[in-house]
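Report on one structure; see the data block that follows.
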Amino acid sequence: MTTPSPTTDLSADEARRIALRAQGFLGTPDRRAGVRGVLRHLGAVQLDTISVLARSHELIPYARLGAVGRKTVESAYWTTSPLGTSPARPHAFEYWSHAACILPIEEWPHFAFRRRAYRSRPHWNHQLPDGTYDQVIKQLRTEGPLTATELGGAKKTSEWWDWSGTKVAVERALMYGEVVCVERRGWKRVYDLAERAVPADLLHDELADAECLRRLVRLAGQSLGVGTRADIADYHRLRGEQVDAVIADSGLVPVTVEGWGKPAWADPAALQTPPRGRHRTTLLSPFDSLIWERARTERIFGFTHRLEAYVPKPKRVYGYFAMPVLAGGRLVGRVDPGREGSTLVARQVTVDGPKAVPAVAQALAEAASWVDCTDIRVERVDAPDLREPLVRALADL
């Protein structure tokens, strides 16, 4: 692909601030739009089973909006339009984007390319017993929305990977687009027929692959503010050649960024006004879209981020669920949190020098309040001489 000549030269600092604003961390967020506004703004919110302070899909809006109630977060994702409206209209659905993600329901048509790909080139690690797929569809049609347990069981044994035939069937139907999840009960997916749950004006696979890809590339560019080809591809897990095929028609504009070394593309709206406003100080989920792509995080923030939950404990450097600390538009430390009753435990803390101590303390205190912890205990600080200043800073808040 021949890249057009860049329209704008950005300094590394300008690119960082554009990225922060695009991700909702610089400037005043639209609090009236709330959690649903955050979802639409980001385009995708990643789901994960790990819950330390809260699950990742709760931490994402918290990081941008502050102490929004956790019940409010769940309700925003999974509650349909107000009673009395007809038909009921969901606000979100779950599908494979960057990973398993919550997506705005308006984007259902733009994942037609992926549904088609799954239907035409399925790759499965689980065997599907004969007749099970049809039985699951029949049961959903007859009985209405159901969890995997209600369909007949999610697992054959206690092992997390040992799916039952029913679970294999309903997950396959979800990937094909015949079934959709627009609600969770507790942490369980509630499956329903797409023809019943997805609004009629959105329920189609009519868009060609190129149109779907153009939309997702444009959305990724808007959500990133500015990014390389690899950054944009990673956002919704597209292939590089898929990005190449549509980026010239996506509405994004080519730019150069100081120190990046690779061509970049920006949302033209992000270039119109300099990013200004209030910076958020907060703990970030390791699954936050600001830091999804490790190479991008290192390029923008000079910060190496890796989730160590799946690393053997003796080999962990920063802790099981180390959460980066964002302050003043920089990543200034990490906290590996835990909970013991009403105490938030900072099991391991990394602080980028004495000047970052007040910000780390502020982020810890706000997070503790959000999850209804009344005390904070600091266990270990990688720089031992900063432990007492951190404890004093927490006491002063």
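Couple of notes before you dig in:
- Residues whose placed amide H lies under 5 Å from that of Trp163, excluding near-sequence neighbours: Lys156
- In order through the stretch 240-252: 3J(HN,Hα) via Karplus (6.51 cos²θ - 1.76 cosθ + 1.60), integer Hz, x for Gly, Pro: x, 5, 5, 5, 4, 5, 10, 5, 5, 9, 8, x, 6
- Distance in nm between pseudo-label sites at Ala295 and Ala67 (7 Å out along the Cβ direction from Cα): 4.1 nm
- Accessible area per residue in Å² at 1.4 Å probe, computed on the stretch 237-392: 46 Å²
- Per-residue HN-Hα couplings for the stretch 284-290 [Karplus 6.51, -1.76, 1.60; θ = phi - 60°; Hz; x = Gly/Pro]: 10, 4, x, 9, 6, 5, 4
- Shape summary: the chain maps onto an equivalent ellipsoid whose semi-axes, from the alpha-carbon gyration tensor, are 35, 28, 19 Å in decreasing order.
- Theoretical FRET efficiency, 1/(1+(r/R0)^6), r = Cβ-Cβ of Thr374 and Ile50, R0 22 Å, to 0.05: 0.40
- Solvent-accessible area, 1.4 Å probe, carbon plus sulfur percent, for the chain: 50 percent
- Viscosity 1.567 mPa s, temperature 4 °C, Stokes-Einstein D of the stretch 163-319 from Kirkwood C-alpha radius, µm²/s: 68 µm²/s
- Each label was represented as a point 7 Å from its Cα along the Cα-to-Cβ direction; for Asp244 and Ala100 these points are 3.3 nm apart.
- Distant-in-sequence amide H partners of Val255 (H built 1.01 Å from N, under 5 Å): Thr7, Ala264, Trp265, Ala266
- Distance between the pseudo-spin-label points of Thr149 and Thr304 (7 Å out from Cα toward the beta carbon): 4.2 nm.
- The stretch 321-375: mean projected area of Cα convex hull, nm²: 3.6 nm²
- List Asp130, Asp201, ordered by accessible area with a 1.4 Å probe, largest first: Asp130, Asp201
- Most fluctuating residue given options Thr142, Thr79, Thr28, as computed from a GNM of the chain linking Cα atoms under 10 Å: Thr142
- Residue-span extension gain [Lys355 to Ala117] - 0.36 nm each, minus C-alpha spacing: 80.6 nm
- Within a Gaussian network of the chain (alpha carbon springs, distance under 10 Å), most fluctuating of Trp370, Trp187, Trp265: Trp187
- Extended-chain gain in nm, criterion 0.36 nm per residue less alpha-carbon gap, Leu203 and Asp385: 59.6 nm
- J(HN,Hα) series, the stretch 268-277, from Karplus relation 6.51 cos²θ - 1.76 cosθ + 1.60, nearest Hz, glycine and proline x: x, 5, 6, 8, 6, 10, x, x, 9, x
- Hypothetical label at His279: residues of the stretch 338-378 whose amide nitrogen lies under 15 Å (7 Å Cα-Cβ projection): 352-363
- Inter-centroid distance (Cα atoms) of the stretch 262-291 relative to the stretch 104-144, Å: 35 Å
- Most mobile of Leu103, Leu65, Leu207 in a GNM of the chain (Cα contacts under 10 Å): Leu207
- Above-threshold pairs, the threshold being 20 Å between Cα atoms, out of Lys167/Lys313; Lys138/Lys167; Lys71/Lys188: Lys167/Lys313
- Largest accessible area first, the listed residues Asp231, Asp209 line up as Asp209, Asp231 when surface is computed with a 1.4 Å probe on the assembled protein chains.
The values are calculated or read from the model by the stated rules, or taken from the named source; none is laboratory data. Everything quoted here is computed from the prediction, not taken from an experiment. With ideal geometry, Cβ positions are generated from the backbone for all residues, glycine too; neighbour counts draw on all protein chains shown. These area figures cover heavy atoms from the full protein model, side chains too; ligands, DNA and RNA do not enter into them. Shrake-Rupley method; radii C 1.70, N 1.55, O 1.52, S 1.80 Å.
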